[in-house]
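I have placed the structure first, in the form of structure tokens, so that the comments after it can refer back to it.
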There are 2 protein chains.
Amino acid sequence: MRDPAENAQLALLLEVSGTPKPGNVDRHREYPDLRFEHFLAGAVGARRGLARAAEGAPVGEAFERGVAGMAEQTGGNTQFGALLVLTPLVRAAADNDLSPEGASDVVASTIVDDACAFYRAFDHVDVAVDDPPADAPELDVRRGGDAVDAIRERGLTLADVMTMSADSDGVAAEWTSGFRRSFEAADWLLDGDGPIVRRTSSVFLRLLADEIDTFVVTRNGEDVAAEVTERARAVLDGEEDAESLADELVARDVNPGTTADLTAAALFIALERGLEV
Amino acid sequence: MRDPAENAQLALLLEVSGTPKPGNVDRHREYPDLRFEHFLAGAVGARRGLARAAEGAPVGEAFERGVAGMAEQTGGNTQFGALLVLTPLVRAAADNDLSPEGASDVVASTIVDDACAFYRAFDHVDVAVDDPPADAPELDVRRGGDAVDAIRERGLTLADVMTMSADSDGVAAEWTSGFRRSFEAADWLLDGDGPIVRRTSSVFLRLLADEIDTFVVTRNGEDVAAEVTERARAVLDGEEDAESLADELVARDVNPGTTADLTAAALFIALERGLEV
């Protein structure tokens, strides 16, 4: 029997293998400097942090360790956001309460030390992020561990930090909403049939059609994000071909990474609930 | 830093992702009932056994545990042979002597209990194997744990069992030859350049061109095995296209699995020696 850390590692691997996932690295597509093999090494390296979460370690510490391990490859950021959404879910599963309520309890239990560890995670790898609030430049996550004093001074927990970002970051929004979309998409996976790489593609497209991807907003702007969501809807309506869209978005370097992160979370929940590989 | 168990897990993942690997499941090809996702789950499940080897557990026990974990997916045998060649190499790496001599020392140190655990590993998964020697039907590995009494009666170590099979099984031949081909192919990987999935393909083809694949002999007969090796040579000579050959061999269900096993071993050795992902 796979334990929660192993199911989370498998979720990372299945997510990147799901194809087509328009704009993302998948089994058949990659970027010249961010290749499939980097994701494999990232998932291998992330496991120790996931195992710490499964052992009951503080969520921030487990997340930072997962990111440090993930970063031990030359492609840069592979699945930072996926680890951010997976880590509290792994902890909830280890507490035998992998539910919106159980995951929200994990979020509510975070303390200032978790927020500090979250900031330190940014020291391990470059992540595309939004600018900080204009009135709080000292909380810029790009400062990494240098922001720890500001965090402590304000007494911010990791839950507080996520609340600050929830409007602009779809992963943070999961933290503040009981991981609503992740649990919903897990049901889609469990209700589907056929090879999991295809179900993963289908769930990714449904998530993308439902809401704009905040990572695309950050990197490519709101108009592109809106376009991508429109076109995911067109794929679901049979008006556009998913493979062609995938080729096009990779060529344009438009990468709906938040949607991929939620897909990984959904895979984890589904695996824990009996999705058979 | 990845430890030996993590490098072995990564080797399993890189091996199956290497493409084209004519006849094998790879990043772009699979069989209807033996899919890429089964290999991902197999590699996740195998890690605990590999970790036992890295911790110094007996090789037989570590191997059996790796196989039991690998088998926790619905595709059946994914990388049994790869685990058989990797397990003593992981142990040698953990002993800080990943060399032909160090690996041979691990082989020489095996005892009867290791042979019994090896046989029990066949209880976890169906593996295509040759018939046993005519004079020793009680040593048929397909008997699994039922053969343990016969093993104990004869006082066979796991090294003895591998010696019995070395003529007909390319993985067993590695055990009795200081893992000669695995170490040689690791040098090819380290001397190569470009994405590792392509280097893996190239090393697979060189190994296949050098010697007939014993798994193909077992499943498809000597003529087919000879043909496959001839055609791998033709690919290396630029006379045949590797992608077309890969499509054809998958369609014919001709699967050079032993060559894939040695490729995984070579990837592990290369990773331990600094191959950068």
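Among the candidates B:G274, B:G238, single out the residue that is more than 14 Å from every other protein chain (Cβ to nearest Cβ), part of a loop (DSSP other than H, G, I, E, B) and either buried (at least 21 other Cβ atoms within 10 Å of the Cβ) or more than 20 Å from the chain's Cα centre (by Cα) (or both).
On the way: B:G274 fails: more than 14 Å from every other protein chain (Cβ to nearest Cβ).
The match here is B:G238.
Would you say B:R48 is closer than 12 Å to B:E6 by Cα, of a type outside the set (S, T, N, Q) and within 11 Å of chain A (Cβ to nearest Cβ)?
Taking the combined requirement at face value, the residue satisfies it.
With (1) away from every other protein chain (no Cβ under 14 Å); (2) buried (at least 21 other Cβ atoms within 10 Å of the Cβ); (3) not in a loop (DSSP other than H, G, I, E, B) as the list, and A:A264 as the residue in question, which single condition is left unmet?
It is condition (1) that A:A264 fails.
B:T263 versus (1) under 19 Å from the mean Cα position of the chain (by Cα); (2) without any contact (Cβ under 8 Å) to a residue 24 or more places away in the chain: which is the lone unmet condition?
For B:T263, the failing item is (2).
Please count how many residues of the range B:88-125 are of a type in the set (S, T, N, Q) and buried (at least 22 other Cβ atoms within 10 Å of the Cβ). I'd like the intermediate steps shown before the answer.
The initial filter retains those residues of the range B:88-125 that are of a type in the set (S, T, N, Q), namely B:96, B:99, B:104, B:109-110.
Narrowing further to those that are buried (at least 22 other Cβ atoms within 10 Å of the Cβ): B:110.
Residues meeting the conditions: 1.
Please go through the range B:1-41 and pick out each residue that is more than 8 Å from chain A (Cβ to nearest Cβ), modelled with pLDDT under 95 and over 22 Å from B:L208 (Cβ atoms).
B:P32, B:D33
Is it the case that A:A41 is within 16 Å of the chain's Cα centre (by Cα) and either without any contact (Cβ under 8 Å) to a residue 60 or more places away in the chain or on the phi > 0 side of the Ramachandran plot (or both)?
On the way: within 16 Å of the chain's Cα centre (by Cα): no; either without any contact (Cβ under 8 Å) to a residue 60 or more places away in the chain or on the phi > 0 side of the Ramachandran plot (or both): yes.
So A:A41 does not fit the description; no.
Please enumerate the residues belonging to the range A:139-173 that are farther than 18 Å from A:T110 by Cβ and either touching a residue at least 60 places away in the same chain (Cβ under 8 Å) or of a type in the set (S, T, Y) (or both).
Taking the range A:139-173 first, the residues farther than 18 Å from A:T110 by Cβ are A:140, A:142-144, A:146, A:149, A:167-168, A:170.
Hits for the range A:139-173 are A:S168, A:G170.
Here is a check on your reading of the model: is B:E64 out of contact with any Asp or Glu (no Cβ under 6 Å at 6 or more places or on another chain), away from chain A (no Cβ under 11 Å), buried (at least 24 other Cβ atoms within 10 Å of the Cβ) and charged (D, E, K, R)?
Working: out of contact with any Asp or Glu (no Cβ under 6 Å at 6 or more places or on another chain): yes; away from chain A (no Cβ under 11 Å): yes; buried (at least 24 other Cβ atoms within 10 Å of the Cβ): yes; charged (D, E, K, R): yes.
Here the answer is yes, as B:E64 does meet what is asked.
Using beta carbons and a limit of 8 Å, which pairs, at least six apart or on different chains, have the first residue in the range A:180-197 and within 13 Å of chain B (Cβ to nearest Cβ) and the second one assigned to a helix (DSSP H, G or I) and of a type in the set (V, I, T)?
A:L189/A:I196; A:L189/A:T200; A:L189/A:V203
So, in the range B:131-145, exactly how many residues are buried (at least 16 other Cβ atoms within 10 Å of the Cβ) and of a type in the set (D, E)?
Summing the residues that are buried (at least 16 other Cβ atoms within 10 Å of the Cβ) and of a type in the set (D, E) in the range B:131-145 gives 1.
The values are calculated or read from the model by the stated rules, or taken from the named source; none is laboratory data. None of the values given here were measured: they were computed from a predicted structure. Don't worry about glycine lacking a Cβ; one is built from the backbone with ideal geometry, like all the others, and counts go over all protein chains shown.
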